[in-house]
Amino acid sequence: MGEHTDESLKESLEGYKEKILPANKGSLEWEKDLIFNARTQMGYEVEFDARMQWGCSPTETLLMSIAGCMAIDVFSFLQKMRVEISSFKIDFSGKRNLDPPQYYKSIDMAINIAGKGATPKKLDRAISLSQDKYCSVYHSLRSDIDFTVSYNIINEED
C-alpha cells in the first residue's frame, strides 16, 4: 500500500465528505403507544418502537449508523487502493449494560469482503483511517459532545 498516502486516500472521500450539511435537522413525532416516527430534513423516515413490533429500537439504529458510516469510508479507501470488491458486508453486534442507562459496553463489527487485491494490511489501514479520523458517527459517541435539550409546553384546557 506504500503508494497510497493519507492525502490520496483523503481524495477518495471527495464527493461525499466535503458535501455534508453544516447542520442536520429533522423531527420525531409520536404515533401511538411507544411508537415514534423520525423524519430527516431530506424526507427519509425511520420508525422507532420500544417493543420492536412495528419498528426498530433507537439503539439498533445507532449500531446500523456506525456500520454504515464505517462501510462508506472503508469501501471508498479500498477502492482507492485498487481493491476490486465484489461483495461487502458488515455483521455487527453490541453488548449493553443491563441496568439503566442501558448503553453499549462493547460493539463488535466484522467486515466480510470478497474480491481481488484485498489484504490484511489494506483492510487494517482503511479501518484505522475510518476510526481515527473520518467516521462521523463513531466520533459522535465522544464524551465531550455539547449536548443540550430544550422544550416547549402547550397547556391544553380541560
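Quick note: the coordinates plus some simple rules give every number you see, no bench work behind them. Here the structure is a predicted model, which is why all the values come from computation and not from measurement. Neighbour counts are summed over all protein chains in view; Cβ atoms, including those assigned to glycine, are modelled from backbone coordinates with ideal geometry.
Of Lys105, Lys122, how do they rank once you tally other Cβ atoms within 10 Å and put the fewest first?
Numbers: Lys105 10, Lys122 20.
Ranked by crowding around the Cβ, least crowded first: Lys105, Lys122.
Relative to the longest principal axis of the Cα atoms of the chain, the long axis of helix 120-129 lies at roughly 40 degrees.
Take the chain, connect every pair of alpha-carbon atoms lying under 10 Å apart with a spring to form a Gaussian network, then pick out the residue of Pro22, Pro58, Pro120 with the largest mean-square fluctuation. Greatest mean-square fluctuation among the candidates belongs to Pro22.
Using the crude model of +1 on Lys and Arg Cβ and -1 on Asp and Glu Cβ, and no other charge, please compute the dipole size for the chain relative to its Cα centre, in debye to 20. With Lys and Arg at +1 and Asp and Glu at -1, about 920 debye.
Ordering Gln79, Met64, Ser150 by the projection of their Cα atoms onto the charge dipole of the chain, which places +1 on the Cβ of Lys and Arg and -1 on the Cβ of Asp and Glu, puts Gln79 at the extreme positive end. Global size of the chain: 19.2, 72 Å for Rg and Dmax (C-alpha atoms, Rg to one decimal, Dmax whole).
Rounding to the nearest 10 and keeping the result within 0 to 90°, find how far the Cα-based axis of helix 58-80 lies from the longest principal axis of the chain. Once rounded, one gets 20 degrees. Each Lys and Arg Cβ is given +1 and each Asp and Glu Cβ -1; about its Cα centre, region 36-94 then shows a dipole of about 180 debye. Taking amide hydrogens as placed 1.01 Å from N in the peptide plane, the amide H of Arg96 sits under 5 Å from those of Lys105, each at least 5 positions away in sequence or on another chain. Legend: residue pairs Lys19/Lys116; Lys89/Lys133; Lys80/Lys116; Lys32/Lys95, Cα-Cα distance threshold 19 Å; pairs beyond threshold, Lys19/Lys116; Lys89/Lys133; Lys32/Lys95. Put simply, when 62-71, 93-102 are sorted by average Cβ atoms within 10 angstrom per residue, most first, you get 62-71, 93-102.
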